[in-house]
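K.L.:
Submitted below is the structure of interest, expressed as structure tokens.
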Amino acid sequence: MAANGNASRGSICTINVNTFSRRLQVLYTNWRLHKDELWGSADALVVATPPPSNDLRYLKSSALNIWLLGYEFPETIIVFTDKHIHFMCRPKKASLIEVVKKSAKETVGVDVVVHVMAKNDSGSSQMDSLLDSIRSVSNSVGYIAREAPEGELLEMWADKLKGSGLLLSDMTNGLSDLFAVKDKNEITCVKKASYLTACAMKNFVVPKVEKVIDEERKVTHALLMNDTEKAILDPVKIGFNLKSFNPKADTVDICYPPIFQSGGKFDLRPTASSDDEFLYYDSSSVIICAIGSSYNSYCSNIARTYLIDSNVVQSKAYEVLLKAHETAILALKPGRNMSVVYEAALAVVKRDAPELVPNLTKSAGTGIGLEFRESGLGLNAKNERLIKAGMVFNVSLGFQNLQANTSNPKSRTFSMLLADTIIVTDNGSDVATSASSKAMKDVAYSFSEDEEEVKVKHEPTEKDVVFAKATLRSDNGEMTKEVLRKQHQAELARQKNEETARRLAGAGSSNGDGRAAAKTANDLVSYKSVNELPPPRGMTIQIDQKHDAILVPVYGIMVPFHVATVKTVTSQQETNRNCCIRIVFNVPGTPFTPHDANSLKNQSAIYLKEVSFRSKDSRHISEVVGLIKTLRRNVMARESERAERATLVGQEKLVLSGNKFKPIKLHDLWIRPTFGGRARKLMGSLEAHTNGLRYSTTRNDERVDIMYANIKHAFFQPAEKEMITLLHFHLHNHIMVGTKKTKDVQFYVEVMEMVQTIGGGKRSAYDPDEIEEEQRERDRKNKINMDFQNFVNRVHDLWGQPQFRDLDLEFDQPLRELGFYGVPYKSSSFIVPTSSCLVEFVETPFVVITLSEIEIVNLERVGLAQKNFDLAIVFKDFKRDVMRIDSIPSSSIDGIKEWLDTTDIKYYESRLNLNWRPILKTIMDDPKKFIDDGGWNFLNLEGTDSDSDNSGESDLGYEPSDVEPDSASEDDDSDSESLVESEDDSEEESEEEKGKTWEELEREASNADREHGAESDSEDERRRRRKIKAMGKSRGGGGGGSSGGAAAKRTRFR
């Protein structure tokens, strides 16, 4: 068994006397209280420890050595009696035991007797002395019956003990009860062992397996086992960076060789092994990974099942297993019988998937500690032993030999296993291995999307092939992909119209915009009494900044005015060296005066509109004007901030991390939006506490708290092609950053330093200084990205705790390969999708659009002749302004369509920009008419273009009054001609025809054929005539002739 160390290294091993005394008292108390039922009515206890071995083994004799003395004492015999403790050992071990004699006497009143064996002594005489001591006490001896003697010394002792005539009884149950409840130090060791195990699974096993699958390498289970074992034995490399870990004093080891299973061959027993078969990761495959590690001889265990392109049967089985496993963990509470744990898990399987009950393992796990499987602590249906606080369990549950409907034998039979190390607390249980996630989204992998597309490309249906030939000049693969997208969009359109109809039907009772009424302004009061007025300093204008007032002389009296009543203040130099100051006040009824609630209270009052003063001291006038403007600006800013804060939603107080754990910190960060002010801006630190994040600088007033419950989206964007690495938080409710009200808070570090080249000229690519500088910049960027990544990982582990599960928090990362350039506000930005949002974090204002809040997307100004197009995002809340992203390069349109389709967002295309405010107002005013007219179908450009040639008018469904109909459609649907045409109209026609698609040109050619009565012409003739017509229209603007100088444009009459 793995041990803290070998006691034969006497010079570096010491026994902790306090721990020895405390645990010796526990041993004697338990023995004396439960002597008959647990210790076999034995009056003496004998423990014989075998010689050291390189094999992994778990012996109660070794466990007692480590539990009591802190080390395993090989080839040592210990005899406990009511008055004495006898040790039979070699001289080096005897020297260590000397320190416990005094504490043993003081704690339980026993004398420690050491029987020392010389180097070449067989120990026979010492054994006879031990047996005589036992006979002097009693005839009943307790020993560990299940441990076979190993080595010559223990074999001799076993023979002498059996031939001594003493009554032997098994004391295994007593030792099991002794080890069952762990003290504080033992719990700490279990937690460290569990953290090591979870780090190995999360930081080594999962990335290793993912890399093997991504690179499609052939790696055996045995090789993965060896690599994982090496990683556990070198814990620092896998992120086990506890400050209390001392590699020289603390020992880490594996509890068993790591287990990797796949390819239809599964064994859920702990004694299973990793074979030499290759890791199987094709579609519908299952991979089981189980690892156990020990810290200072205390064990922990974890097992995870990973699904590769899982089918319905596998997904359902895992969901049921996960629910049953979590139910079993929740059932681990003090005072309950151990059988309740398995019964709780079994009840979940019977309720959700009764057909899987025969495949469920017959136990939900065992106790774990110094032994990997502690006897008597099995979580099965028959164990009625009580659960106690301080117990530790390996909760392991699985399904064995399930069958899936697949033709591949390696994926037809599969098993599943989940295991975690659980510590029973006073109030429930604590998952010590929670750092490694077992959620469905984290264990289910999908790699077959490309393969499915390939299959579709090579097996198009007959209908798709015919449609491809009739529409686009491209190969079958591209057309099939486009057809599938159109079919999916058509289904999304139907679902979206139904969803919009339901939502509009239930929104009739809403009033306004849902916002609370604005708080009315308070009375403007500078002085509550005359006594507060400052003493006059002559008949000059005075500024009282303490009371936000201006005092002006009126008929020899200083009259105060609140600075908020001042509208403008100006000064003007007159010709006679006099300077004039003019103060204009806000007066009700004058144009451009903001509404003031106070004016309604004083409708009969007389208001002073303006005052003017003349002075020969121009410097004083300028000073007064500057002071009034500064005071007015400060007061307005303060009132604006107060009004903003009045609308904030109240939040909980930040609970700082106490002794439970230290806050997770990230140093030297900038924040956006900034705190403001003209003082030098300072960098700060971001800390993760119990229920929120805190950013602070060295200034006491520069502090921002972000509650976890207020975080809607969290993002981590490492610096790749950007100059900054950042963390961005999009919130549910606004908070104040300095004096700014915001829903977006960003913390960032600049990874590239600003460098100014002295001397100008271009430097050589082989310049060693240039190469060194570039390497230094790369190292700096990598270090910053790694620091941010470590912070994100640790915070993500914190969010994985049970109290935060309902918040569903995780850091999302932008997908640069799906990004595109556009102008969301005033400047061009690189806009990037994530799994749940569309974001842009570099330019301000930031862009964070939640995909689940999008109703539809309209691609505007789409045409063959356009270099750019616009994207309009309509939200489900029609009272919210439409978000526009303009000037997107046309080369990005296919990628955007593909991304929108894969995220189940319905998109439309139009040639013109739409005025969305009146459109949405029309929809909200009469939602029934909107639904009856086809919902969003009025945006369906493709549906308009594919109408029947014989239709007299295009059915545009719902058409807003502010959208101009397409002139080309009107031209094609009528038979009349106009007699007059202007040159401008001809140019518009020419520009419009440049953007025609094949379908439009074909439809126009068909209309022309009908006009000339040539419907029976061949396809070739119609195509030739269509080309001639298109060429003629495109050249029409260049001809001469009468007034217009171009061919007459035909307008239609209805």
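K.L.:
By what distance, in whole Å, do the Cα atoms of segment 17-179 stretch along each of the three principal axes, largest value first?
P.N.:
Principal extents (Cα only, largest first): 39, 35, 33 Å.
K.L.:
Between Asn531 and Tyr607, what FRET efficiency follows from the Cβ-Cβ distance if R0 is 45 Å, with the result rounded to 0.05?
P.N.:
Efficiency, rounded to the nearest 0.05: 0.95.
K.L.:
Give the calculated FRET efficiency between Lys350 and Arg699 to the nearest 0.05, with a Förster radius of 56 Å applied to their Cβ-Cβ distance.
P.N.:
That pair, Lys350 with Arg699, gives E of 0.35.
K.L.:
Using a 1.4 angstrom probe on the protein heavy atoms only, could you order Ser622, Ser293 from most to least accessible area?
P.N.:
Putting Ser622, Ser293 in descending order of accessible area: Ser622, Ser293.
K.L.:
For segment 184-445, compute Rh as the Kirkwood radius over C-alpha pairs and then the Stokes-Einstein diffusion coefficient at 4 °C and 1.567 mPa s; write the answer in µm²/s, rounded to an integer.
P.N.:
Diffusion coefficient, whole number: 70 µm²/s.
K.L.:
A further question follows. Once the dipole of segment 17-179 is set up with Lys and Arg at +1 and Asp and Glu at -1 on Cβ about the Cα centre, which of Met156, Pro51, Leu68 lies farthest towards its positive end?
P.N.:
Projecting each Cα onto the dipole axis, the largest value belongs to Leu68.
K.L.:
Would you mind getting the Kirkwood hydrodynamic radius of segment 377-436 from its Cα pairs, rounded to one decimal in Å?
P.N.:
So the Kirkwood estimate lands at 14.2 Å.
K.L.:
Within segment 184-445, what whole-number % of the accessible surface is contributed by carbon and sulfur, with the 1.4 Å probe and all protein chains included in the calculation?
P.N.:
52 percent
K.L.:
Further question: Quick one, can you get me the convex hull of the C-alpha atoms of segment 761-860 expressed as volume per residue in Å³?
P.N.:
Dividing the Cα hull volume of segment 761-860 by its residue count gives 173 Å³.
K.L.:
Take Lys316 and Gln25, extend 7 Å from each Cα along the Cα→Cβ direction, and tell me the distance between the two endpoints in nm.
P.N.:
Placing both labels 7 Å along Cα→Cβ, they lie 5.8 nm apart.
K.L.:
Would you mind counting up the charge near Met707? Only other residues with Cβ under 11 Å from its Cβ, with Lys and Arg at +1 and Asp and Glu at -1.
P.N.:
Net local charge, Met707 excluded: 0.
K.L.:
Can you give the FRET efficiency for Ser136 and Lys160, using 1/(1 + (r/R0)^6), R0 = 22 Å, r = Cβ-Cβ distance, to the nearest 0.05?
P.N.:
Efficiency computed from Cβ-Cβ geometry: 0.85.
K.L.:
Oh, and also: With a point put 7 Å past each Cα toward its Cβ, work out how far Leu682 is from Asn18 in nm, to one decimal.
P.N.:
Label at Leu682, label at Asn18, 4.0 nm between them.
K.L.:
I've got another one for you. Segment 820-939: D in µm²/s via Stokes-Einstein (Kirkwood Rh, Cα pairs, 25 °C, 0.890 mPa s)?
P.N.:
Result for D is 163 µm²/s.
K.L.:
What ranking do 389-395, 860-866, 225-231 get when scored by the average of other Cβ atoms within 10 Å per residue, highest first?
P.N.:
389-395, 225-231, 860-866
K.L.:
In addition: Rounded if a/c is under 1.5, else prolate if a/b beats b/c, else oblate: with a ≥ b ≥ c from the C-alpha gyration tensor eigenvalues square-rooted, which is segment 138-184?
P.N.:
Because a/c hits 1.5 or more and a/b fails to exceed b/c, segment 138-184 counts as oblate.
K.L.:
Quick one: Cα centre-to-centre distance for segment 258-282 and segment 123-160, in angstrom?
P.N.:
43 Å
K.L.:
Mind checking the dipole of segment 143-288: about its Cα centre, +1 per Lys or Arg Cβ, -1 per Asp or Glu Cβ, Debye to the nearest 20?
P.N.:
It comes to approximately 620 debye.
K.L.:
A further question follows. Please report the net charge: other residues with Cβ closer than 10 Å to the Cβ of Ala419, K and R +1, D and E -1.
P.N.:
Overall, the nearby charge balance is +1.
K.L.:
Work out, step by step, the length gained on full extension between Glu777 and Lys101: first 0.36 nm times the residue separation, then minus their alpha carbon distance; give nm to one decimal.
P.N.:
Stretched fully, the Glu777-Lys101 segment lengthens by 237.1 nm.
K.L.:
While we're looking at this one, here's another question. Local charge sum around Glu610 (other residues, Cβ-Cβ under 13 Å, Lys/Arg +1, Asp/Glu -1)?
P.N.:
Overall, the nearby charge balance is +3.
K.L.:
If you don't mind, another one. Need one number: nm distance between label points at Leu524 and Gln789, each 7 Å from Cα along Cα→Cβ, rounded to one decimal.
P.N.:
Once both label points are built, they end up 5.8 nm from each other.
K.L.:
Oh, and also: Given a cut-off of 25 Å, name the pairs among Lys323/Lys743; Lys438/Lys481; Lys191/Lys665 whose C-alpha atoms lie farther apart than that in the structure shown.
P.N.:
Lys323/Lys743; Lys438/Lys481
K.L.:
What is the gain in length, in nm to one decimal, between Thr630 and Leu33 on full extension, counting 0.36 nm per residue of separation less the C-alpha to C-alpha distance?
P.N.:
206.6 nm
The values are calculated or read from the model by the stated rules, or taken from the named source; none is laboratory data. Everything numeric here is computed off the predicted structure, so don't read it as measured data. Counting neighbours? That spans all protein chains shown, and the Cβs are built from the backbone with ideal geometry, glycine included. For accessibility, only protein heavy atoms count, side chains too; no ligands or nucleic acids. Shrake-Rupley method; radii C 1.70, N 1.55, O 1.52, S 1.80 Å.
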